[in-house]
Amino acid sequence: QVQVVESGGGLVQAGGSLRLSCVASGSIFVISTMGWYRQAPGKQRDLVATISSGGNTNYVDAVKGRFTISRDNAKNTVYLQMNSLKPEDTAVYYCYARIRSGRDNFFRDYWGQGTQVTVSS
């Protein structure tokens with residue numbers, strides 16, 4: 001019953017900005033860490049940023065100073081504000097959430113369907 005859905009991707013020019021949103025819904029007991037990963041064509045899926053339930057954040061070095069992850073616990077939503085975008089940021093961005101559902105007594109990792117971010121040079 002748990003669903004994780006991203007939105008906000010699109011095509012932007014280098015130097016532009018996008019804000020991605022991800023909403024978890026369904027039978028949720030508690031959400032711990034949420035985050036964002038990305039995967040470029042022909043490459044592995046890599047961590048972009050994570051945020052704990054208490055607001056502690058981690059970023060991959062390539063996006064530090066440009067991207068900001070945040071969350072609204074009341075809305076079960078995580079955001080990724082992406083500024084000063086570069087062509088190297090082009091990828092499918094996936095939302096991740098570690099969730100204990102209302103039917104489980106353990107945490108599972110849930111993934112969104114992905115949203116395409118394309119940065120033109």
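Computed quantities for the displayed model
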{"read-out": "Neighbours by Cβ (under 8 Å, 6+ apart or cross-chain): first from the stretch 51-68, closer than 18 Å to Q39 by Cβ; second of a type in the set (S, T, Y) and not in a loop (DSSP other than H, G, I, E, B)", "value": "F67/Y59"}
{"read-out": "Flag if R103 is loosely packed, with under 14 Cβ neighbours inside 10 Å and either touching a residue at least 60 places away in the same chain (Cβ under 8 Å) or among the hydrophobic types (A, V, I, L, M, F, W, C) (or both)", "value": "yes"}
{"read-out": "So L80, is it among the aliphatic types (A, V, I, L, M) and farther than 22 Å from S25 by Cα", "value": "no"}
{"read-out": "L47 being free of Cβ contacts under 8 Å to residues at least 60 places away in the same chain, out of contact with any Cys (no Cβ under 8 Å at 6 or more places or on another chain) and within 23 Å of V5 (Cβ to Cβ)", "value": "yes"}
{"read-out": "In the stretch 44-79, residue surrounded by the most Cβ atoms within 10 Å (Cβ to Cβ) [restricted to those that are touching a strand residue (DSSP E or B) at 6+ places or on another chain (Cβ under 8 Å) and part of a loop (DSSP other than H, G, I, E, B)]", "value": "N76"}
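Where a number appears in this text, it was derived from the coordinates with a stated rule and is not lab data. Values in this document were obtained by computation on a predicted structure and should not be read as measured data. Note that we place each Cβ from the backbone using ideal geometry, even for glycine, and neighbour counts take in every protein chain shown.
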